[in-house]
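Working notes, beginning with the structure itself.
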Amino acid sequence: MSKGPVLIIGGSSDIGLAVARRFAQDGHPIQLAARRPDELAPEQQDIALRYGVEVSLHPFDALDCQSHEAFVAGLPDLPEIAVCSVGLLGDQSQDERDWKAAWLVMSSNYVGPANILGILANRFAARGSGTIVGISSVAGERGRASNYIYGSAKAGFTAFLSGLRNRLASKGVHVLTVLPGFVDTKMTKDLQLPGALTASSADVANAIAQGVSRRRNVIYVRSVWMLIMAIIRNIPEFVFKRLSI
Ligand SMILES: NC(=O)c1ccc[n+]([C@@H]2O[C@H](COP(=O)([O-])OP(=O)(O)OC[C@H]3O[C@@H](n4cnc5c(N)ncnc54)[C@H](OP(=O)(O)O)[C@@H]3O)[C@@H](O)[C@H]2O)c1
């Protein structure tokens, strides 16, 4: 039986491209959606040649919410699986001083991704099938001084995915929330990441493929992050506010 298309929203992201390759390897046609789709022509050609699947490119801006309905209507086929890897880390100290920078981080990690996945969810529910994958972050599990603008947007996105999953459970549509922990990508290239806690984009892609096939609800790519976040979530607030993390 032929496999349905996998849409990668944020198709230029390192994690998104790794996920595209992983699903292409399983024989899924790929739809890559990005702000500058023409720049993805080399990846389009490489994935198509390597895995023998169709790869199409689509212009998409997560911040242009008014265009999202038309974007979905313009896809060659309604995808079987939609993965959202749009995100923006930003610079916390700048975000504290410049509301426009903060707005961009909040909108890029929550409003835009939630809007497009909400539209796809309605289409999937009408069809009675489909899987939605949202790449959120452990940063959304507790606000920390060093990244609470990004973290609060991811918290909103995580809650959105949880609600969507709850709403669509009886409609044949599955929602997977991905909490990657640190991943070595262009987003984190300027950070010193601890090797033992850091995954590769390919690790994230493998975890997502497994999570989709097993219909998991929430996955931590490296299980050590589940333990770390359980500890962080349970530190009493009067202690937490004195910590510098
Ligand atoms: N790397 C990590 O440690 C880590 C950890 C936890 C979660 N995550 C999440 O994983 C996802 C993928 O990140 P990554 O590590 O692969 O970093 P990345 O390569 O920087 O990917 C981020 C992607 O978001 C896209 N994007 C940003 N704003 C957009 C907009 N308005 N419209 C369309 N696309 C937009 C970027 O597209 P352009 O090429 O157009 O800029 C880029 O492709 C993100 O949601 C990120 O928050 C990453």
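Throughout, read-outs are computed from the coordinates displayed, never taken from laboratory work. A quick note: this is a predicted structure, and the numbers were derived from the prediction, not measured. Note that each Cβ is placed from the backbone with ideal geometry, even for glycine, and that neighbours are counted across all protein chains shown.
For residue 54, enumerate residues with amide H under 5 Å from its amide H, sequence gap 5+ or separate chain, H modeled in the peptide plane.
30
So who's got an amide H within less than 5 Å of the one on residue 176, skipping anything under 5 residues away but keeping other chains? H placed 1.01 Å off N, in plane.
The list, which skips near neighbours in sequence, is 132, 133, 134.
Where does helix 14-25 land angle-wise versus the long Cα axis of the chain, in degrees 0 to 90, nearest 10?
Value to nearest ten degrees: 40.
Under 16 Å from the 7 Å Cα→Cβ point of residue 169, by amide nitrogen: which residues of region 201-224?
It comes to 215-219, nothing else.
Please list 3J(HN,Hα) in residue order for region 165-179, calculated via the Karplus relation 6.51 cos²θ - 1.76 cosθ + 1.60 where θ = phi - 60°; whole Hz, with x for glycine and proline.
4, 4, 5, 9, 4, 8, 10, x, 10, 9, 10, 10, 9, 10, 10
Please say if region 6-240 is rounded, prolate or oblate, where rounded means a/c under 1.5 for a ≥ b ≥ c the square roots of the C-alpha gyration tensor eigenvalues, and otherwise the choice is prolate for a/b larger than b/c and oblate otherwise? Before the final figure, lay out each step's value.
Working: a/c = 1.44, a/b = 1.42, b/c = 1.01.
Cα axes put region 6-240 in the rounded bin.
If the cut-off is 25 Å between C-alpha atoms, which lysines fall inside it for residue 171, apart from same-chain ones fewer than 8 positions away?
Within reach: 3.
Where is the GNM fluctuation largest for the chain (alpha-carbon springs, 10 angstrom cutoff): 61, 95, 26?
26
5 Å is the cut-off here: which amide hydrogens, built 1.01 Å from N in the peptide plane, fall below it relative to residue 199, excluding neighbours closer than 5 in sequence?
Under 5 Å from the amide H of residue 199: 182, 183, 184.
Taking 8 Å as the Cα distance limit and 6 or more residues as the minimum spacing, I'd like the relative contact order of region 6-240 as a percentage. Show your work: numbers first, answer last.
On the way: 410 pairs, mean separation 43.3, N = 235.
Contact order relative to length: 18 percent.
Once phi is turned into ³J(HN,Hα) by the Karplus curve 6.51 cos²θ - 1.76 cosθ + 1.60 with θ = phi - 60°, what whole-Hz value does each residue of region 184-193 show in order, with x for glycine and proline?
Result, ordered by residue: 7, 9, 5, 5, 10, 4, 8, 9, 8, 9 Hz.
Please compute the length gained on full extension between residue 244 and residue 103, using 0.36 nm multiplied by the number of residues separating them and subtracting their Cα-Cα distance. Don't skip to the answer; put the middle values down first.
Numbers: separation 141, 0.36 × 141 = 50.76 nm, distance 2.45 nm.
Working it through step by step, the gained length comes to 48.3 nm.
Relative contact order (percent) for region 112-194, with alpha-carbon contacts under 8 angstrom and 6 or more residues of separation? Intermediate values should be presented prior to the final figure.
On the way: 100 pairs, mean separation 29.1, N = 83.
Averaging sequence separation for qualifying contacts and normalising by length gives 35 percent for region 112-194.
Can you give me the relative contact order of region 126-245 as a percent, contacts being Cα pairs under 8 Å and 6 or more apart? The partial results should precede the final answer.
Details: 156 pairs, mean separation 32.4, N = 120.
Value for region 126-245: 27 percent.
Return the sequence-ordered ³J(HN,Hα) values of region 26-34 in whole Hz as given by the Karplus equation 6.51 cos²θ - 1.76 cosθ + 1.60 applied to θ = phi - 60°, using x for Gly and Pro.
Per residue, the Karplus-derived 3J(HN,Hα) values read 8, x, 7, x, 10, 10, 9, 10, 7 Hz.
Can you compute the modelled spin-label distance between residue 216 and residue 148, with each label point 7 Å from Cα toward Cβ, in nm?
So the label points at residue 216 and residue 148 sit 3.0 nm apart.
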